[in-house]
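The values are calculated or read from the model by the stated rules, or taken from the named source; none is laboratory data. Quantities reported herein were computed from a predicted structural model and do not represent experimental measurements. Every residue, glycine as well, gets a Cβ built from its backbone with ideal geometry; the counts of neighbours run over all protein chains shown. What goes into the accessible areas is simple: the full protein's heavy atoms, side chains included, and nothing from ligands, DNA or RNA. Shrake-Rupley method; radii C 1.70, N 1.55, O 1.52, S 1.80 Å.
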Amino acid sequence: DQTTATGDLIIELKDEFGNIKQKIEAKNLVVKVGRNYIASRMTGTAKAVMSHMGIGTSSAASVSTMTDLQASIGTRATATATLGTAGNEHQITYSSTFAPGNGTGAITEAGIFNALTGTAPAVDMLCRTTFSTINKGANDTLSISWTVTIN
């Protein structure tokens, strides 16, 4: 058997009145640090759970050796996690919201982390994705629903 980890995102940008301005669906790369993190949890290594999402402005292609966003902006947002299954696949859906004023700019990348601040090796990034530009204004809210599937 071969085990893989994949991810799918739904990103929604809403204006100050809650109207959807833009919606994007994207796939991600589970990076090497993220795969190592998953394996470490199976051996009982005490690492913090994945708890935050970050956004940034780099459109550099994702590669497995990345350990952080390439041009992070704003403050990482708390991510809630929901565990589920679909057939033989196990899924974790992370949800985060970047409030008005947090991460204002031309957003093109996102990642999932196990801490509010910091970088590798102290902090692990599970996965990273890039997508078409989302221009988040100062009054806009950006929501990300990110499903990681282990099959």
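Annotations for the structure displayed:
- Note on the range 109-132: residues that are of a type in the set (Val, Ile, Thr) and either within 14 Å of Gly74 (Cα to Cα) or in contact (Cβ under 8 Å) with a residue 60 or more places away in the chain (or both) amount to 4.
- Residue satisfying all of: in the range 83-99; within 14 Å of the chain's Cα centre (by Cα) and farther than 25 Å from Glu16 by Cα; least open to solvent (accessible area, probe 1.4 Å) among these: Thr93
- Residue that is most open to solvent (accessible area, probe 1.4 Å) [pool: residues in the range 1-10 that are within 11 Å of the chain's Cα centre (by Cα) and more than 23 Å from Thr104 (Cβ to Cβ)]: Asp8
- Search result, residues across the range 46-64 that are loosely packed, with under 14 Cβ neighbours inside 10 Å and closer than 18 Å to Thr6 by Cβ: Ala61, Val63, Ser64
- Candidate set: the range 119-135, residues that are in a loop (DSSP other than H, G, I, E, B) and within 15 Å of the chain's Cα centre (by Cα); chosen: the one surrounded by the most Cβ atoms within 10 Å (Cβ to Cβ): Asp124
- Residues of the range 72-82 that turn out to be surrounded by 18 or more Cβ atoms within 10 Å (Cβ to Cβ) and closer than 18 Å to Ile38 by Cα, as a count: 1
- All positions within the range 11-45 that are open to solvent by 100 Å² or more (accessible area, probe 1.4 Å) and out of contact with any strand residue (DSSP E or B) (no Cβ under 7 Å at 6 or more places or on another chain): Glu16, Phe17, Lys32, Arg41, Met42, Thr43
- Failed condition for Gly105, given (1) at positive phi; (2) within 16 Å of the chain's Cα centre (by Cα): (2)
- From the list Ala138, Ala106, the one residue that fits, being under 29 Å from Phe17 (Cβ atoms), of a type in the set (Gly, Ala, Ser), free of Cβ contacts under 8 Å to residues at least 60 places away in the same chain and part of a loop (DSSP other than H, G, I, E, B), is Ala138.
- Residues of the range 18-58 that turn out to be modelled with pLDDT of 95 or more and among the hydroxyl-bearing types (Ser, Thr, Tyr), as a count: 3
- Residues within the range 24-69 that are part of a loop (DSSP other than H, G, I, E, B) and in contact with a Leu (Cβ under 6 Å, 6 or more places away or on another chain), tallied: 2
- Matching residues in the range 136-151 - criterion: being over 12 Å from the mean Cα position of the chain (by Cα) and at pLDDT 95 or above: Lys136, Gly137, Ala138, Asn139, Asp140, Thr141, Leu142
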